[in-house]
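Just below is one structure, and these are the notes that go with it.
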Amino acid sequence: MSRIQLFAALDGGDRMWSEEIALHGADQLLHRIRNGIYDNKRAMRRIKTKLESTSENQLMEEVISAQARFITPENPEWPHSLSDLVAPPIGLVVKGNPLKCDSIAIVGTRNPTNYGARVASEFASGFADRGLAVISGGAYGIDTHAHRGAIAAEGRSYAILASGVTVKYPAGNERLFEEILENGALVSEVMPSERARPERFLTRNRIIAALSRATIVVEAAFRSGSLRTARDASEMLRTVLAVPGPITSPTSDGCHRLIGERCAEIVTSVADAMELIPRTACTLCADES
């Protein structure tokens, strides 16, 4: 399987490589890289070294050892909503239950106020009660409270990680990840043992946005990764919602910015959100029947 070799060697979210794999296919792209077609591209030495140092079988064994699976666009489990991305993932490593399209993203600051933490948890519980899965990034703060809110309501939650699925990052959420696996899944665009890197948080945000019918921002600074997720969602014509907060709170500046720029609709309750979220059962994915 050429895709898993490309997956392990190439950085996720690279538009050029996404276009090349769409144009040539995985097998041919692997052949072209090995034959020096792209030697003028930066980091080619590192890419070639990775391709030469591991085989397809070794990579698949690593995924299986992590009790996970590697899915590609040819797999029935693949979320077709990912095709809306400018740079779709080459593949995904999924540990846990299959991904479903009826999902809502809840994102926000890693340092929430009590207000933000409560809102994230209550919104997540409310969506879970209505049969929607909750997607977030598995980080401290709003992400954690969103995941826990869905779990408390015995709902599904998916954590889209910036590290591999066997890397407990952040370490304090190890127990949370175990709870997520009961009904949901851990999802990553890198091999299971890969550590998180700063740029991977931004590239994984586009996956959070693409997998979700809507993205809700609960507390975010004026400049933050959560706003990037919201803008990724908006670029794909997904619904973007933002929860307002006190005008004196820096943690609400990002939400107020999105609302003020008309990038997001203001939302103050789960009932409000449900009125704004697309009602069609499966517009983002293929039929699951």
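The values are calculated or read from the model by the stated rules, or taken from the named source; none is laboratory data. The model shown is predicted, which means the values in this text are computed figures rather than measured ones. With ideal geometry, Cβ positions are generated from the backbone for all residues, glycine too; neighbour counts draw on all protein chains shown.
Worth a mention:
- Take the conditions (1) touching a strand residue (DSSP E or B) at 6+ places or on another chain (Cβ under 7 Å); (2) assigned to a helix (DSSP H, G or I); (3) not β-branched (V, I, T); E199 misses just one of them, which is (1).
- Test: residue in the stretch 81-89 that is in the same structural domain as T239 (by TED's automatic domain parsing), under 22 Å from M236 (Cβ atoms) and either surrounded by fewer than 20 Cβ atoms within 10 Å (Cβ to Cβ) or in contact (Cβ under 8 Å) with a residue 40 or more places away in the chain (or both): no
- Restricting A220, A233 to residues that are more than 30 Å from L59 (Cβ to Cβ), in contact with a helix residue (DSSP H, G or I) (Cβ under 6 Å, 6 or more places away or on another chain), part of a loop (DSSP other than H, G, I, E, B) and among the aliphatic types (A, V, I, L, M) narrows the list to A220.
- Check on V93, under 17 Å from R206 (Cα atoms) and not in a loop (DSSP other than H, G, I, E, B): yes
- The single residue among L29, L23 that is modelled with pLDDT of 90 or more, crowded, with 21+ Cβ neighbours inside 10 Å and closer than 22 Å to L85 by Cα turns out to be L29.
- Condition met for V165 (buried (at least 24 other Cβ atoms within 10 Å of the Cβ), assigned to a loop (DSSP other than H, G, I, E, B) and β-branched (V, I, T)): yes
- Members of the stretch 22-54 that are touching a residue at least 40 places away in the same chain (Cβ under 8 Å) and not in a helix (DSSP H, G or I): T54
- I64 vs. criteria closer than 19 Å to V190 by Cβ and touching a residue at least 40 places away in the same chain (Cβ under 8 Å): no
- Test: residue in the stretch 102-118 that is within 26 Å of T72 (Cβ to Cβ), in a loop (DSSP other than H, G, I, E, B) and either in contact (Cβ under 8 Å) with a residue 40 or more places away in the chain or touching a His at 6+ places or on another chain (Cβ under 9 Å) (or both): yes
- Condition met for R262 (at positive phi and either in a loop (DSSP other than H, G, I, E, B) or among the aliphatic types (A, V, I, L, M) (or both)): yes
- Of residues in the stretch 5-20 being touching a Ser or Thr at 6+ places or on another chain (Cβ under 8 Å) and assigned to a helix (DSSP H, G or I), the one surrounded by the fewest Cβ atoms within 10 Å (Cβ to Cβ): Q5
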